Structures are given as C-alpha cells and as structure tokens.
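Read through the structure below, which is laid out as structure tokens, and then see the notes.
The values are calculated or read from the model by the stated rules, or taken from the named source; none is laboratory data. Treat the numbers as computed from the prediction; the structure is a model and nothing was measured. Quick reminder, even Gly has a Cβ in these numbers, built from the backbone with ideal geometry, and neighbours come from all protein chains shown.
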Amino acid sequence: MSGPGSVEKKGDQPHPGSGCVQQKKTPGVITAYVRGKDPILDTLLTELETLKATHGRVVGAAGDEMMAHRKTQERLETALASARHAEKLLDQEKAASARLSLVISWIHHDLRTPLTVVIGYAPMLSEALSGAVPKGVDPKHLANRIERSGTRMHQALDMARDYLRLVPGLLQIETGRVDLCGEAADAAGIMGQRAAEKGLALEHSHASGAYAVVDQKLLRHALISLIRSSIACAPKGSTVTLAAGAADGRATISVSDIGKAVTKEEMAFAFGTPEAGESIGETDFRGLGLIVARAFTERMGGTVSVDSAEGTTTVTMAFPLAQQAQK
C-alpha cells in the first residue's frame, strides 16, 4: 500500500475504482496528432488517404458495374422468355391454322353433296307440285330427300360453328348427366340413312350404366364426326358399329369399321403435330374426324384413343362415370 510519499512504478496499473480513465486514440486522432511532426510521415499519410479514397471509388464503380450487369442479364432473360412465348404462340397459331384449313375443306365437301341434291331435286318437286309429275317420280320422296339434305347441311354448319368457337375457348360448355348408350342409338338413327346410301349397315350395341357428365351437344358432334369418317372409309357392304359401355370407372362410346387403317401421318396430325400431316387431303377423313372428335372430347374432360390395323379401326371416347365426375 503506497503512502503519501510513495512513487508509482511504471508497470503498475491503475485500480478500476481509482477514477483514472484511459483514452484510446482513434486513427483520425492519431493522424491529426502526428501530422506536422515529420514531413515524410505527412507525405505517407497523404498518399495513404489518396489510396483509400481511390479504393472507395473503385469499389463503388465495381458495385455499379455489377448492378448494371445484373439488370442487363435480367432484361436478357425477360427478352428470351418473351421470345420463347412468342414462338410458342406462333407454333400454336400455325397448328390451329393447319387444322382449321382442313376442317373447312371437310365441311365444304360435306355441304357440297346435300346442296347438289337440293339444287337437283327442287325443280323436280316444283314440277310435281304444279301437276306435271315426271314418270316414276314420287313427290314425297323428293321432299324427303330435300329435307334430309337440309338437315345434313344444318348439322355440318352447326358443328363447324361450335368447332370454330371451341378453338379460341369461346364456346360455353353446358354439362349434364348423359346416357352414352342412348346417344349411340340416336346417332345410329341420325346417320343410318347416310350409311345406307353408301351401301353400309350402321349398328349399335350397348350395356347398361354408361352415364357421363358431358355436354350432350358436343358429345353428339364428336360422335357424328367419327361416324362420318367411318362411313367415308368403310368398304361397300360392310358394317359400321357403335358401342357404348362402362368399365374401370370410365364410360365409353366407340365407332368401329373395317376400312383402311389410320396412317401415321393422320395420327400425328390429329394428336398434336400438324406439320407431320401436311400430305393429308380433304378426302382423308380419318385424320379430320379424329381432330374434331378429339377437340370436343378433351374440352369435356374426356380422352380419345385409337386401335387401328389393317382390317379394323376402332376409335373410343372415354369419360369419367357420372357418379365419379359429380364427386
């Protein structure tokens, strides 16, 4: 313990409670303290401060450059995404245009025959009504042929209208519980005369319980388009068969014939790669019928499958059973 006259040694440390305070000098204080004491040291300090400022500017410029590069990269990625999207839209437009042009050709063919009937039979019916009935001509038969031709044209135009509205998604779907067996029977009745005119039989078979939640009108469009294809492709004297049933939680309706098999080009064209089907003409009804049937079927949540080989072709539309679709 030090007394009044004691001298504190250099190595002694002040006691924490002694009231002595040690002050730490910051770099700025040190710089200010040493400046003016030595010219060389002053020069070194000045150069050091210049280097420090230069370093700050370089780091700042590098940061700005990195930020600019990042923004440029983001703009490039956005531009590439936009280009990919535009290319996808262009491909979709080309595909839709290719399909549409062939469907229009098919509709043109489908209207040409009934129009020829109307144009040819109308004058004959007019003569019959005026009393000048040509020998062997039944006015009632003429009227029936004109009526059937008008109905056929109406169906073709109705289907074309709905298809054209379906492509851009403008068609409103009105679903309900539909009996596929009843639809097969109705379609056989609608197309039976047309099949008979080509020397074909149109038959239908069905099992009970084939109900699906679909748009009845679109289902009929799809089914009629497949029947038209089969009638166009089946050889004279053969049978086109419609079948409806239910299995594995699916309600199905199919069209079968013994006409020519579906070609690879028609399959590619109907199921997503129209450029592969550029050789298809307006009389190649297989691919065209599949296009229409697939468009309407998939719009209702169903699927289309094809089982085709030399001798037999069966196209099947499948939908969830009604009780499952309503859950």
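Observations on the model:
- Of the residues making up the stretch 116-147, those that are assigned to a helix (DSSP H, G or I) and farther than 17 Å from Gln193 by Cβ number 11.
- Answer from Leu51, Leu115 - the residue that is of a type in the set (A, V, I, L, M, F, W, C), touching a helix residue (DSSP H, G or I) at 6+ places or on another chain (Cβ under 9 Å), without any contact (Cβ under 8 Å) to a residue 40 or more places away in the chain and not assigned by TED's automatic domain parsing to the domain that holds Arg194: Leu115
- Qualifying residue in the stretch 281-294 (condition: out of contact with any helix residue (DSSP H, G or I) (no Cβ under 8 Å at 6 or more places or on another chain) and modelled with pLDDT of 75 or more): no
- Test: Ala247 is among the small types (Gly, Ala, Ser), under 19 Å from Ala207 (Cβ atoms) and assigned by TED's automatic domain parsing to the domain that holds Ala195: yes
- Comparison of Ile173, Ile227 shows that the only residue that is under 21 Å from Phe319 (Cα atoms) and assigned to a loop (DSSP other than H, G, I, E, B) is Ile173.
- Just one of the listed residues (Glu265, Glu183) is free of Cβ contacts under 8 Å to residues at least 24 places away in the same chain, of a type outside the set (Gly, Ala, Ser) and part of a helix (DSSP H, G or I), namely Glu265.
- Residue within the stretch 82-95 that is under 20 Å from Ala293 (Cβ atoms), surrounded by 15 or more Cβ atoms within 10 Å (Cβ to Cβ) and at pLDDT below 75 present: yes
- Checking each residue in the stretch 202-259 for being surrounded by fewer than 17 Cβ atoms within 10 Å (Cβ to Cβ) and among the basic types (Lys, Arg) picks out Lys217, Lys236.
- Selection from the stretch 230-239 of residues that are assigned to a loop (DSSP other than H, G, I, E, B) and on the phi < 0 side of the Ramachandran plot: Ala234, Pro235, Lys236, Ser238
- In this entry, Arg152 is excluded by the filter for residues that are within 26 Å of Ala318 (Cβ to Cβ), in contact (Cβ under 8 Å) with a residue 40 or more places away in the chain, not in a loop (DSSP other than H, G, I, E, B) and not hydrophobic (A, V, I, L, M, F, W, C).
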